[in-house]
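Remarks on the structure that follows.
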Amino acid sequence: MRVPLTVATAFLLMTFGTVWLLDAGQLKPVELIPTLTGETEYCLTCHEDLPEISAAHPVATFGCVLCHGGERLALDADVAHSSMRGGANPSDLAVVEASCGGGDCHSGTEAEQRDHIHRVMTSVQSTYAGAIASIRYTYGAQPDQGAYLGISSITDEPSATGIGSLDTFDSLSESHPSVKAFGENCLTCHLNAVPRDGEAFTRSTGCASCHAVGEHTLSTAIPYAQCNACHNRGNYDLRTMTFVERTDEAATRIQDYYQPIAQFTQCEYTLDCIDCHTRSEVMGDGDLHASKKDIQYVQCKTCHGTLTELPHTRILTDPDDIAFTMAFLNPVVDLQLGDTVLVTEEGEPLWNTRLLPDGTYAMIGKASRQEFTFRPVMGTACEQNPEEQGSQYCHECHAVER
Amino acid sequence: MRPGFVQHLHPPTIPAAQARWRHTLGAGGIAIFLALVLAITGILEMFYYVPEPVQAAHSVQQITYHVPFGALTRNLHYWAAQLLLVVAGIHLLRVVFTAVYSRTRRFNYLLGLALFVLVILLDFTGYILRWDIDVCWPLVTGTNLLKTVPLLGGLLYRMAVGGGEACSTALIRFYTWHIFGLSIFVVVLGVWHAFRVRRDGGIAVPPPKKRAAPERISRDELVRREVLAMLVVGAALLLLASVAPAPIASAMTQPPTVTAEARAPWFFLWVQRLLQWGDPFVLGVLVPLLVLAVLALIPYVLPQPAEEDIGRWFSRSGRAAQVVVSLVFVGVLALTLLQLAGA
C-alpha cells in the first residue's frame, strides 16, 4: 500500500506543477478604466496596437466597450467578442442606436447638431427610396414615382417633403420579374447592405461605410476613394436588371474619377466629393426624401456664382457656428471669428473656403489638404445664360479632355 | 499510539470484504471527497461571486480571468460537481447491483436517494448562478415546469423565482438555495447517511458465517486506501480542471435573449427530450417523479435479496431490482443521447 501511495502522491504533485505552469503561461491582462464609464476593461490586452479611432473618441475617455459592447472582463477571445454590437462594426445601422447613439451622443436633437443617426436613417443613402420608386414605377408596380417603400420601414415627423413614412420594400412580394430581380441584384449599395464581392467595393456598413477610412480609424476627412466603393463602380443594365462592373483599370485620378462617357470639369476630379457636397446632402437633412435629386442641391454656382450674382458668403461672428465644429473635427483650416466663408443656397457653410482680400476665394481640400484658389463668374467673359445653371451647361465649355 | 481524529472516524478494524475496491468501487468515499472539494472551492468562489443580476456574470468572469488561480478554482468546482453526479449515480447502481438494500438498510437507501436528488438540484442551481445568456432558457423552462403543477404550481414558482420574470429576479433565490438551503440539507443528510452505514454494521456484506474470507483490516489500512483514492481523484480533477475549462458565456442581457442553441444542462437533457413529446406537467414533472418513486420503492416492493447474496454482484435473488434500475438507467441514457443527437 505504501508504494501506490507514494506513486499517487508524486502524480498529484506533478499535476500541481503542470497546473502551475499552465497558469503562468496565461496572458498578462492590460487594464483600462475609461473616464466616461469608470468600468475596468481588458480589451487592450490583445488590442493594444490598434490606432486611436479618432481624435474625438480617445480610448482613454471612451474605452472600447462603450461603442463595441463585448465582455469587458473576459480574456478569452470567443467570450470577450461574443456580445459585441454588430460584430466588428458597431456602427451598423441595426445596432447604431446602442453604440454611436449611446443615449446622448449621436442621437440627440437637430438643434444640438446631434441627430446624426436620425439623419442617416432617413437619408436616401439608407432608404434607397428613389431607386426603388423609379424601378417599381417603370415596371408598373406603382402608379407614380412617389416614395412609398424603403430598404426598411421608417417613420419621420411631418416635414416639407411630405413623406411621413416608408414601408419595407420586399422583393419577394413583388410580381414583376424585373422588380424581383432588382431586389435581388441591385440592393448592394445602401448603408445597410453587405457590399458586393471585390476589392473595389470594400467598405463597411452604417456610419463606417463612409467614416471608416482606414484600419480602426474614423474620420470626417473622407477621400473620394471612399465614396468610390459604391459610386463610379459600373452601371445597371436595366434590361437584365444586373449590375455591370466597370472593367477599365484606372491608373490616374482623372480615369478613376468618372466613367468613360461622363463629362466633367477639372475641379470635379481634382477635389474630393466632400469638398463640394455638404453634410446634409450626403448624410441627409433629417427628412425623408423621394430621391437623390431632392436632396442634392450644390451646383457650380454655389462656389462660383453667376454672371449676375456673387456666391453667398457669411462672416463668422458666432463662436457656436457649425463651421467651427467642422473645422475642429477636421482641422485643415484655422478658422477665426470674422473670417468670411462661402455658404450654400441653404445656408450650410463651406467651412473650408475663405474669401480673400482681392475678391477671389481659397479652398483647402478636406481630405487632400491641397489649397485651391478660384474666382467668381461675375465680371468674366463667361457666355452662360444665368438661367441655365445645370452642370451640363458649364460642361459645354469647361469639360476637360481625358 | 492512540488514534488521531481522522482514524477515530473509522472503526478500529473492519472486515476486509467491506473495503474491497471491486465491492464498493470507492464510490461513496469519492463522493464525500468531491463534496469536500466542492465546499472548499465553493467558499473560495464566494469571496468574489456577486449574486446580483447585473454583476453576477461579470463576477464569474472576474474569477475566471483575473483572480489568481480563480479559473482553476472554478474549474475544480465545476468538474467536482459533474463528477459527483456521475459518482453518485455509480454508487446508486452499485448499491442495487450488489443487492445491499436489505430491510435493515432500506431507510438509508432512501437517504442516499434524497442526497442524489439534492446533488442534481445543487448542480442545476449552480449552473444557473453563471447568469449568462446560456442559462436563461433552461431557467425559464425549469421554473415554468413548476407552474404546471396543479394547485401548488403558483406557490412553487414563487418559492423558486420570487415575483417577476425568472431571468430577472430568480438569481438571489437560486444563490441562497445553492449555497445554503440545499447545501445544509446535503450536510445533514450526508452525515446521517454515513452514520447509518456505520450503525447498520458498516458497508453491507454477507454475515460472517456466510462470508468467504473472514479476515479484517485495520483502520490505518482503511485510511491509506481512502488517501490513495483522494490522491488519484484529486489529480484527475486537477488535470480535468486545467485542460477542460468550465463553460462561460457573455452576461445575460436585459431583456434576456434566447440563444440559438437552447439546451438544458447535460443531466436534464433527458427531460428536455421528454418535453418535446407532449404535456409539460406529465412529461416534465410526473415522469421524473415517477422515476424517483420507482427507485425509492425498490427495497420496499421488490423481493428481499437472499442473505448470502448481499454484497455479491448481479445475484439471482436481486434480479428484479437489477432489471428495474437498468431499465431506468438505459431509458435516461437513451433519451439523453437522443436529445444530444437531435440538438
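Any read-out appearing in this document is the output of simple, stated calculations on the displayed coordinates, not a laboratory observation. Just so it is clear, the structure is predicted and the values come from calculations on it, not from any experiment. Cβ sites come from the backbone with ideal geometry, for glycine too, and all protein chains shown count toward neighbours.
Some points to look at:
- Restricting segment B:69-161 to chymotrypsin sites (Phe, Trp or Tyr not before Pro) that sit in a DSSP loop and have at most 14 other Cβ atoms within 10 Å of their own Cβ leaves B:PHE69.
- Cα convex hull of segment B:119-210 - mean projected area over all directions, nm²: 8.6 nm²
- The alpha-carbon positions of segment A:256-402 define a convex hull whose volume is 135 Å³ per residue.
- Local charge for A:ILE222 was computed over the other residues whose Cβ lies under 9 Å away, with Lys and Arg +1 and Asp and Glu -1, and equals 0.
- Unit Cα scatterers, Debye sum, segment A:224-338: log10 I(q)/I(0) for q = 0.10, 0.14 Å⁻¹: -0.45, -0.84
- Note on segment B:120-197 and segment B:1-63: Cα centroid distance 21 Å, given to the nearest whole angstrom.
- Shielding by partners for peptide A:131-139, expressed as the average number of C-beta atoms from other protein chains within 10 Å of each residue's C-beta, is 0.
- Taking other residues whose beta carbon is less than 10 angstrom from the beta carbon of B:ALA251, and scoring Lys, Arg as +1 and Asp, Glu as -1, yields 0.
- Hydrodynamic radius by Kirkwood, which averages 1/r over all alpha carbon pairs of segment A:334-389, in angstrom: 12.9 Å
- A Förster distance of 35 Å, applied to the separation of the beta-carbon atoms of B:ALA334 and B:TRP21, puts the FRET efficiency at 0.75.
- Cβ neighbours within 10 Å from other chains - mean over A:76-84: 4
- With the gyration tensor restricted to C-alpha atoms of segment B:162-219, the semi-axes of the equivalent ellipsoid amount to 46, 10, 9 Å, longest first.
- Separation of alpha-carbon centers, segment A:240-270 and segment A:13-37, rounded to whole Å: 54 Å
- Helix runs (DSSP H) in chain A reaching 30 Å along axis by Cα, Kyte-Doolittle at least 0.5: A:2-24
- Largest to smallest principal axis extent of the C-alpha atoms in segment A:158-298, angstrom: 44, 37, 34
- Projected label distance in nm at A:THR217 and A:SER165, using a 7 Å step from Cα toward the beta-carbon: 4.3 nm
- Angle of helix B:166-176 to the longest C-alpha principal axis of chain B, folded into 0 to 90 degrees and rounded to 10: 40°.
- Estimated dipole of segment A:350-402 in Debye, rounded to 20 [Cβ of Lys and Arg +1, of Asp and Glu -1, Cα centre]: 420 debye
- B:TYR49, A:TYR137, A:TYR128 arranged by Cβ crowding within 10 Å, fewest neighbours leading: A:TYR137, B:TYR49, A:TYR128
- Going from the fewest other Cβ atoms within 10 Å to the most, the residues A:THR278, A:THR40 appear in the order A:THR40, A:THR278.
- Coordinate range of the alpha-carbon atoms in chain A per principal axis, descending: 111, 59, 47 Å.
- Segment A:144-223 versus segment A:79-105: alpha-carbon centroid distance in Å: 19 Å
- Taking other C-beta atoms within 10 Å as the exposure proxy, A:VAL95, A:VAL377, B:VAL323, B:VAL119 rank B:VAL323, A:VAL95, A:VAL377, B:VAL119 from fewest upward.
- Cα gyration tensor category, rounded, prolate or oblate, for segment B:217-338 with a/c compared to 1.5: oblate
- Between A:ASP320 and B:ARG319, the modelled label-to-label distance comes to 9.6 nm, taking each label 7 Å out from Cα in the direction of the beta carbon.
- Sorted into 5 angstrom bins from 0, the C-alpha pair distances of segment A:116-175 split as 4, 19, 29, 26, 13, 7, 2, 0 percent.
- The Stokes-Einstein estimate for segment B:1-78, based on a Kirkwood radius over Cα pairs and taken at 10 °C with 1.306 mPa s viscosity, is a diffusion coefficient of 102 µm²/s.
- Net charge over other residues, Cβ less than 11 angstrom from the Cβ of B:LEU171 (K, R count +1; D, E count -1): +1
- Take each residue of peptide A:63-71, count the partner chain Cβ atoms within 10 Å of its Cβ, and average: the result is 1.
- With all pairs of separate Cα atoms included, the protein assembly as shown yields a Kirkwood hydrodynamic radius of 32.5 Å.
- Once the convex hull of all Cα atoms in chain B is built, its volume per residue stands at 150 Å³.
- 222 nm mean residue ellipticity, helices alone, for the protein assembly as shown (DSSP H n ≥ 4; -39,500 (n - 2.57); rounded to 500): -13000 deg cm²/dmol
- Cβ charges +1 (Lys, Arg) and -1 (Asp, Glu), total dipole of segment A:220-264, debye: 120 debye
- For segment B:1-153, the direction-averaged projected area of the alpha-carbon convex hull comes to 13.9 nm².
- Förster radius 45 Å - calculated FRET efficiency between A:ALA60 and B:LEU290 (Cβ-Cβ, nearest 0.05): 0.15
- Gaussian network model of chain B, Cα within-10 Å springs - most flexible of B:LEU231, B:LEU44, B:LEU240: B:LEU231
- Kirkwood-Stokes translational diffusion coefficient of segment A:1-160, alpha-carbon pairs, 10 °C, 1.306 mPa s, µm²/s: 78 µm²/s
- A:GLU31/A:GLU184 FRET efficiency (R0 35 Å; Cβ-Cβ; nearest 0.05): 0.10
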